[in-house]
Amino acid sequence: MLVVGGGLAGAVAALAARARGATVLLVRRSPGATALFGGAFGVAPDLDALPGDPLLGRRSPLESARRLAARRPSHPYAVLGVHDLDEALGFAGAQLSVLVEPADGRPRFLAHVSGGLAECGLCLHSQAAGDLRRVRGLAVVVGFSGHLGFDARLVAAGVGRLTSAGGPRSAAVEASFFTGPGDGALRPFDLARALEAPGAAEALGAAIRGVLPRGASVALLAPVLGINPAARVHARVEAAAGLPVAEVVSDPPSVPGLRLDATLLARLAGAGVEVLDGEVAAGGGPGRPVIVAGETVEAGAWVVATGRFIGGGLVRRDRMAEPLFGLPVIASETGAAGLTLAGRSPVSLTFRERTAAQPLLAAGVAVDPACRPLDEAGEPVHARLFVAGALIGGHEHAADQTGLGVAILSGWLAGRGAAGEAT
Amino acid sequence: MKHDVIVLGGGVNGLGTARDCALRGLKVLLLERGDLAAGASGGNSGLIHGGPRYMLSGPKVTERACRDSGYIQRLAPHLLFRIPFLVPFTSRRERQSLWERAVAYATEVFFSTYDVYQPLKRGKPSVRLTAEELYRLEPGLRPGLHGAVTFDEWGIDAHRLCVLNALSAKGHGADVRTWTEAREVLREGGRAVGVSWVDRVTGERGEARAPLIFNATGAWSPAFARRQGATVKMRPGKGVHLVMDRRLSDYAVVCNAVDGRMMFVYPHQRESWIATTDDDFYGDPDDCEATADEVEYLLEGAASVFPSVRQARLTRAFWALRTTLHDYGPNEDALSREHELIDHAAEGAAGLFSFVGGKLASYRAQSEEVTDRILRELSRRPVACQTHEEPLPGGEAVADAAALAARHGVARAVAGRVVYRHGSLAGEVLRLCDDDPRLRLLVCREEGILAAEVVHCVRHELVRKLVDLRSRLKLAVGACGGLDCARVAAQLTARELGWDPERTRRELAELLEAGWRERRAVLSGAQLAQEELLRGAHWAVGA
Ligand SMILES: Cc1cc2nc3c(=O)[nH]c(=O)nc-3n(C[C@H](O)[C@H](O)[C@H](O)COP(=O)(O)OP(=O)(O)OC[C@H]3O[C@@H](n4cnc5c(N)ncnc54)[C@H](O)[C@@H]3O)c2cc1C
Ligand SMILES: Cc1cc2nc3c(=O)[nH]c(=O)nc-3n(C[C@H](O)[C@H](O)[C@H](O)COP(=O)(O)OP(=O)(O)OC[C@H]3O[C@@H](n4cnc5c(N)ncnc54)[C@H](O)[C@@H]3O)c2cc1C
């Protein structure tokens with residue numbers, strides 16, 4: 001079996017197929033959108049919840065996904081069904097257990113660097129202590145006095161908006177840190193690397209301990225606690241600070257995104273999936289050989305998980321196109337599923353309000369419930385051709401907080417389906 | 001407080017007049033409903049050109065523009081950059097026909113006539129280029145051109161020109177209120193005696209009084225005047241520009257749109273722009289946006305000289321309305337670029353004057369003329385105009401970017417951009433880094449914006465809202481759309497202005513919204529992937 005694309009969708013497909021005994025080759029050109037995600041695995045936000053609703057009573061990701069599917073018929077959750085969602089999340093959580101907290105069927109609420117909130121189904125270990133549904137008492141957001149990139153006050157205010165819903169109280173403090181001459185100009189990756197150095201994480205922990213107000217139950221930090229998981233920055237800071245420590249959700253450039261990408265590659269290798277750096281060109285397909293990085297590759301089943309515009313799964317020059325198979329690209333989010341949007345102008349596929357759901361950015365291929373792409377007539381293109389992840393249309397994956405949930409569900413379904421067909 | 005003059009509109013004409021009035025000792029209040037240069041003064045082609053186009057129909061326009069262009073170079077040398085133009089000789093055939101040769105000759109003669117005005121603005125004389133010379137300069141031009149004639153113009157950051165006029169006016173005692181909309185002209189016995197206004201940020205309402213009201217609300221003025229029972233006749237013309245992420249060429253190239261209209265593709269600062277459409281516009285100026293059809297029209301015209309524009313990365317389309325004088329009949333292009341000052345006395349509003357028409361390049365002369373009239377109307381003794389000599393803030397001297405970079409420990413390229421924007425005040429901006437090293441944080445790598453510059457702007461450049469940084473610094477305007485800079489700039493601005501976190505997030509959402517409006521018509525290729533990234537970055541910033 002061949003998987004094209006090494007984001008979360010491709011990786012989950014490869015691992016799910018491997019778990020079913022298939023021999024899997026994964027080809028990827030570069031890191032994709034997955035390496036940019038902020039750390040919170042969005043599965044399905046609860047569209048009906050009001051800000052003041054008690055956090056403890058909030059719906060599970062599965063229930064929210066079900067409601068979302070009922071309301072948005074072109075969303076992948078509606079097309080694929082969500083009955084396997086919990087199992088797929090459980091699988092992904094277990095595969096990535098070095099980095100990710102196990103799924104427990106409950107939603108998590110994490111603070112975001114912009115002062116917003118992320119509702120997610122899975123999160124990183126380094127974020128778990130910051131789940132506002134569970135924190136009691138006082139959440140203290142800690143800024144670095146020598147660096148202006150992270151605004152503790154802004155984040156604390158975001159956390160404070162949930163206090164009345166049963167979330168913790170919040171406060172902002174500044175730890176005297178990153179005060180060296182050039183530190184003010186450092187970027188998130190530089191900060192993360194600096195904290196990997198021997199003694200740095202401990203020094204940060206001590207600085208935090210020094211400024212914590214009484215009664216602090218968790219310290220929320222900028223998402224820069226090391227890139228390399230082996231440096232154990234999070235655990236070291238926590239030990240030195242003497243209380244639970246959590247990273248908030250990042251915006252790009254995202255250190256947690258890089259960590260996830262590295263973890264996926266390590267896990268694929270560990271599971272015996274062969275990974276090839278390279279590009280798959282058009283012309284191949286199930287049973288049809290294709291040349292990748294100089295090697296001829298032939299596979300009985302294909303999973304195409306090439307992502308959306310960032311990944312390169314879709315391109316728009318004069319027209320919108322799926323470059324590998326020329327699959328038809330559909331519009332969605334408008335309610336008019338199936339509308340062919342290949343040749344339409346960007347203006348006619350977007351709304352004036354930025355925050356509206358934008359059909360142009362929800363473009364993608366249509367699939368059947370088994371993740372097989374559909375042709376113009378609505379028939380599967382090939383019995384052993386599957387797609388997964390952001391390439392599937394009908395959701396604005398980067399902005400609607402279902403991107404990684406869809407990647408996991410569709411990757412899991414496509415991988416199992418392809419393994420079944422390939423063996 | 002009582003003022004001598006109330007100026008309505010913070011475009012280049014309102015601001016230039018406010019500055020001139022202030023320099024001549026009048027108490028001025030200027031009201032602008034949005035940010036400075038929110039209208040045509042921000043959305044124009046950014047050329048301080050002499051308007052060779054008007055040489056035949058209105059040589060006065062050309063001469064005035066050239067002379068004033070020369071002055072502007074003296075007032076704000078840091079803001080201007082030379083843009084040499086090429087007018088290629090086109091032919092549909094292998095060899096030029098007799099007619100085409102005649103046109104080429106006429107073009108050459110035309111620009112040698114324009115050469116007469118060039119010394120007024122330190123322009124270089126025109127040169128006739130052979131085909132070989134032309135392709136050596138611009139190898140990306142389509143094959144088959146038979147040579148070209150050059151002419152010389154100047155580009156400018158028009159937003160900053162407006163900001164500098166506002167700062168100078170304020171420095172000389174004027175009250176400049178942005179985000180404050182003039183509502184009604186107050187009248188007493190056939191005279192205009194003041195205006196009521198509303199502050200669009202705080203919701204505060206108030207009245208201001210003055211014996212003279214100068215309405216320079218550009219394309220909004222017909223509707224504004226109508227509300228006051230007065231008439232301003234205008235034929236607003238919509239102009240759209242396309243922007244590329246980098247410079248496509250070193251020279252500006254004149255070309256023709258499908259309908260024969262003159263257009264150009266030219267480098268402007270670090271980008272290339274395609275200018276422009278010109279269509280009558282009957283709608284509400286606030287609804288104006290670029291359409292798919294305008295984008296295609298411009299691309300088609302540009303591709304007729306640079307076929308590779310089809311592969312270029314478009315980052316945004318911006319638009320504005322020309323405030324052209326009304327005339328029934330002529331095509332948009334053929335409308336006069338002259339200006340007019342309308343006296344509304346006969347409509348029962350003595351003391352109310354409206355400005356129509358004109359050009360950015362001639363704003364100073366236009367403002368001088370208006371100020372002369374204002375002094376007369378107020379029966380003041382004439383005071384000599386100084387706006388052709390008195391430098392704009394930062395225009396006093398040219399700062400040495402390399403020395404500043406070394407002194408303040410910032411990258412040379414960054415110092416260069418700070419010098420471009422702030423001229424002799426660049427040292428003041430960079431000194432902030434010495435006092436607070438955290439302000440060395442590079443907020444935008446594309447424009448070279450340091451945290452220090454954001455702070456300087458917010459403190460000294462009449463910033464009331466985060467979107468104001470778009471015009472001051474081009475923050476979140478470029479290809480990246482604010483990916484890196486938006487949140488950090490919001491945080492810095494909030495610190496300076498004491499915004500609470502809710503306000504900060506609202507401001508951030510508005511900043512992103514403004515960029516989206518300009519990008520939405522051109523989302524394709526890499527820019528579409530960038531939009532996906534941007535939406536992924538900012539989903540947590542709600543409306
Ligand atoms: C900035 C940002 C923030 C986000 N934040 C969140 C968030 O907080 N929560 C959330 O749930 N979701 C978030 N998302 C969305 C989420 O990251 C994506 O939906 C998800 O990662 C998509 O995964 P994917 O595997 O389908 O695609 P990608 O990760 O894009 O992977 C596509 C892969 O295909 C490869 N590829 C493409 N074409 C070829 C080819 N021809 N040959 C070989 N390889 C090829 C690419 O190189 C890449 O490896 C965010 C997205 C962005 C951009
Ligand atoms: C597409 C295009 C390209 C151009 N290119 C060039 C060029 O390259 N060179 C050149 O010299 N000229 C050029 N021009 C012309 C030049 O831009 C204009 O002549 C000039 O900017 C007009 O300035 P203004 O102050 O009169 O109007 P504007 O700049 O439109 O200012 C009017 C202001 O009034 C404000 N306002 C409206 N209503 C109210 C109210 N009720 N209360 C308070 N404020 C209000 C608006 O927000 C606006 O800021 C171009 C024009 C266009 C449209």
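The values are calculated or read from the model by the stated rules, or taken from the named source; none is laboratory data. Here the structure is a predicted model, which means the values were calculated and not measured. When we count neighbours, we look across all protein chains shown, and the Cβ atoms used for this are built from the backbone with ideal geometry, even at glycine. Heads up: the accessible areas ignore ligands, DNA and RNA and are worked out on the full protein's heavy atoms, side chains in. Shrake-Rupley method; radii C 1.70, N 1.55, O 1.52, S 1.80 Å.
Farthest toward the positive end of the dipole of chain A, out of A:32, A:347, A:90, is the Cα of A:90, where the dipole comes from beta carbon charges about the Cα centre.
The C-alpha radius of gyration of the protein assembly as shown, expressed as a fraction of 2.2 N^0.38 Å, stands at 1.02. Note on residue B:130 and residue A:228: with the Förster distance fixed at 56 Å, the Cβ-Cβ geometry gives a FRET efficiency of about 0.40. Packing, taken as the mean count of other beta carbons within 10 Å per residue, orders the peptides A:243-250, B:334-341, A:58-65 from highest to lowest as A:243-250, A:58-65, B:334-341. Each residue of segment B:157-164 was assigned a 3J(HN,Hα) from its phi angle through the Karplus curve 6.51 cos²θ - 1.76 cosθ + 1.60 (θ = phi - 60°); the sequence is 7, 5, 4, 5, 4, 5, 4, 5 Hz, with glycine and proline shown as x. When the Cα positions of B:165, B:14, B:254 are compared along the charge dipole of chain B, B:165 comes out farthest toward the positive end, with charges on each C-beta of Lys, Arg, Asp and Glu.
For residue A:176 and residue B:270, a Förster radius of 56 Å and the Cβ-Cβ distance give a FRET efficiency of 0.90, rounded to the nearest 0.05. By the Cβ-Cβ criterion of under 4.7 Å, the unpaired cysteines of the protein assembly as shown are A:120, A:123, A:371, B:21, B:66, B:162, B:255, B:288, B:385, B:433, B:457, B:480. Dipole magnitude for the protein assembly as shown: computed about the Cα centre from +1 point charges on Lys and Arg Cβ and -1 point charges on Asp and Glu Cβ, it is near 1100 debye.
Express in nm, to one decimal, how much length is gained between residue B:381 and residue B:460 on full extension, taking 0.36 nm for each residue of separation and deducting their alpha carbon distance. It would help to have the intermediate numbers written out before the result.
Working: separation 79, 0.36 × 79 = 28.44 nm, distance 3.30 nm.
Stretched fully, the residue B:381-residue B:460 segment lengthens by 25.1 nm.
Here residue B:231 and residue A:189 are evaluated by their C-beta separation; at R0 = 60 Å the FRET efficiency comes out at 0.45.
How many Cβ atoms of partner chains, on average, are near each residue of B:497-510 if near means within 10 Å of its Cβ?
Taking all residues of B:497-510 together, the mean is 3.
What average number of partner chain Cβ atoms lie no more than 10 Å from the Cβ of the residues making up A:391-400?
3
Excluding ligands, DNA and RNA and using a 1.4 Å probe, chains A and B jointly bury around 4600 Å² of accessible surface, summed across both partners. If you average the C-alpha positions of segment A:56-117 and of segment B:275-341 separately, how far apart do those two centres end up, in angstrom? Between the Cα centre of segment A:56-117 and that of segment B:275-341, the gap is 48 Å.
Here the sum of -39500 (n - 2.57) over DSSP H runs of 4 or more residues, divided by the residues of chain B, equals -11000 deg cm²/dmol at 222 nm, to the nearest 500. Dipole magnitude for chain B: computed about the Cα centre from +1 point charges on Lys and Arg Cβ and -1 point charges on Asp and Glu Cβ, it is near 720 debye. Using Cα springs under 10 Å in a Gaussian network model of chain A, which residue among A:242, A:143, A:158 shows the largest mean-square fluctuation? In this elastic network of chain A, the residue with the biggest mean-square fluctuation among A:242, A:143, A:158 is A:242. Between residue B:373 and residue B:207, the contour length at 0.36 nm per residue exceeds the Cα-Cα span by 57.3 nm.
Along the axis of the charge dipole computed for segment A:131-247 (Cβ charges of +1 for Lys and Arg, -1 for Asp and Glu, origin at the Cα centre), the listed residues A:157, A:224, A:195 are led at the positive end by A:157. Looking at the protein assembly as shown alone, DSSP beta bridges between its own residues are antiparallel in about 60 percent of cases. Per-residue surface analysis assigns residue A:1 an accessible area of about 20 Å², computed on protein heavy atoms at 1.4 Å probe radius. Normalised Debye scattering of chain B at q = 0.07, 0.09, 0.12, 0.13 Å⁻¹ gives log10 I(q)/I(0) of -0.40, -0.67, -1.22, -1.42, counting only Cα atoms as equal scatterers and leaving out solvent. Normalised by 2.2 N^0.38 Å, where N counts its residues, the alpha-carbon radius of gyration of chain A equals 1.00.
Please get the size of the charge dipole for segment A:175-260, origin at its Cα centre, with Cβ charges of +1 on Lys and Arg and -1 on Asp and Glu, quoted in debye to the nearest 20.
140 debye
Would you please name the trypsin sites (Lys or Arg not before Pro) within segment B:348-438 that are DSSP coil residues with at most 13 other C-beta atoms within 10 Å of their C-beta? When the trypsin sites (Lys or Arg not before Pro) of segment B:348-438 are filtered for loop state and at most 13 Cβ neighbours within 10 Å, B:380 remain.
Restricting to DSSP H runs of at least four residues, report the calculated mean residue ellipticity at 222 nm for chain A, -39500 (n - 2.57) per run over all residues, nearest 500 deg cm²/dmol. That comes out to -8500 deg cm²/dmol. Determine the distance separating the Cα centre of segment B:471-508 from the Cα centre of segment B:399-427; give it in Å without decimals. Taking the Cα centre of segment B:399-427 as reference, the centre of segment B:471-508 is 23 Å away. One chain, two ends: residue B:435 and residue B:198. Fully extended at 0.36 nm per residue, the span grows by 81.5 nm beyond their Cα-Cα distance.
Across peptide A:249-257, the average count of Cβ atoms from other chains found within 10 Å of a residue's Cβ is 3.
Antiparallel versus total DSSP beta bridges in chain B: what percent is that, nearest 5?
Numbers: 56 of 74 bridges.
If we restrict to bridges inside chain B, about 75 percent are antiparallel.
Taking segment A:74-107 and a reference point 7 angstrom along Cα→Cβ of residue A:266, the backbone N atoms nearer than 19 Å belong to A:92-103.
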